[in-house]
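Visitor: Would you mind keeping the following structure in view while I ask a few things?
The values are calculated or read from the model by the stated rules, or taken from the named source; none is laboratory data. Fair warning: this is a prediction, and the values are worked out from it, not measured in the lab. Here Cβ is always computed from backbone atoms with ideal geometry, including for glycine, and neighbour counts include all displayed protein chains.
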Amino acid sequence: MGGKENKNDISAVEKLYFQYTANLKYNLIYACFGIRFENIKVCFDKNYLVLFSPQFMPIYVNPRNDKIQATYRHDTILRTRREFLELLKKNSKSIIL
């Protein structure tokens, strides 16, 4: 918190792909809370809350571990479920159909 936001692993591509294809009503929302530590006390930053769905974020798949990576704060990209699944297939080495 309070510094540069780095890319983080968001989800394993293969698991995400198969969840989205197995259940047409499946949707995933992430909630990221800002926290900091003060000695042994955990403090929540009431000004840091980020909500997002992997379907609407920039897709970068780390080729070393086949996981989607992103910063928690990012521009929203509107895309259909089908477009999202195609991007996952195109960028993944673990999804073999």
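Visitor: Among the residues of the stretch 1-48 satisfying the criterion of being exposed (fewer than 11 other Cβ atoms within 10 Å of the Cβ) and touching a Leu at 6+ places or on another chain (Cβ under 9 Å), which is nearest to residue 90 (Cα to Cα)?
Guide: 29
Visitor: Among the residues of the stretch 45-97 satisfying the criterion of being of a type in the set (A, V, I, L, M, F, W, C) and assigned to a loop (DSSP other than H, G, I, E, B), which is farthest from residue 10 (Cα to Cα)? Walk me through how you get there before you give the answer.
Guide: Start the filter on the stretch 45-97 by keeping residues that are of a type in the set (A, V, I, L, M, F, W, C), which leaves 49-52, 56-57, 59, 61, 68, 70, 77-78, 84-85, 87-88, 95-97.
Subsequent filtering for residues that are assigned to a loop (DSSP other than H, G, I, E, B) retains 57, 59, 77-78, 95-97.
On the way: 57: 10, 59: 10, 77: 16, 78: 18, 95: 17, 96: 21, 97: 23 Å.
That would be 97.
Visitor: Next question. Can you pull out the residues in the stretch 37-75 that are of a type in the set (S, T, N, Q) and under 17 Å from residue 87 (Cα atoms)? Explain how you work it out, then say what you get.
Guide: Taking the stretch 37-75 first, the residues of a type in the set (S, T, N, Q) are 39, 47, 53, 55, 62, 65, 69, 71.
Across the stretch 37-75, the qualifying residues are 53, 55, 62, 65, 69.
Visitor: Take the residues in the stretch 26-84 that are aromatic (Phe, Trp, Tyr) and farther than 17 Å from residue 6 by Cα; name whichever of them is nearest to the chain's Cα centre (by Cα).
Guide: Step one: filter the stretch 26-84 for residues aromatic (Phe, Trp, Tyr), giving 26, 30, 33, 37, 44, 48, 52, 56, 60, 72, 84.
After this cut, where a residue has to be farther than 17 Å from residue 6 by Cα as well, the list is 26, 37, 44, 56, 84.
On the way: 26: 15, 37: 24, 44: 21, 56: 9, 84: 12 Å.
Filtering first and then ranking leaves 56.
Visitor: Now a separate question. Any idea which of 91, 23 is farther than 17 Å from residue 5 by Cα and modelled with pLDDT under 90?
Guide: Details: 23 fails: modelled with pLDDT under 90.
Answer to the selection: 91.
Visitor: So the check is Cβ under 6 Å with 6+ separation or different chains; which pairs have a first residue in the stretch 37-60 that's modelled with pLDDT of 90 or more and a second one that's surrounded by 12 or more Cβ atoms within 10 Å (Cβ to Cβ) and among the charged types (D, E, K, R)?
Guide: Correct list of pairs: 43/36.
Visitor: Oh, and also: Return the residue satisfying two criteria in turn: it lies in the stretch 67-88 and is closer than 15 Å to residue 28 by Cβ and loosely packed, with under 14 Cβ neighbours inside 10 Å, and of such residues it is modelled with the highest pLDDT.
Guide: It comes out as 81.
Visitor: What are the residue pairs meeting all of these: first residue in the stretch 82-95, first residue in contact (Cβ under 8 Å) with a residue 12 or more places away in the chain, second residue assigned to a loop (DSSP other than H, G, I, E, B) and not charged (D, E, K, R), Cβ atoms under 6 Å, and 6 or more apart or on different chains?
Guide: Between residues of the stretch 82-95 that are in contact (Cβ under 8 Å) with a residue 12 or more places away in the chain and residues that are assigned to a loop (DSSP other than H, G, I, E, B) and not charged (D, E, K, R), the close pairs are 87/59; 89/95.
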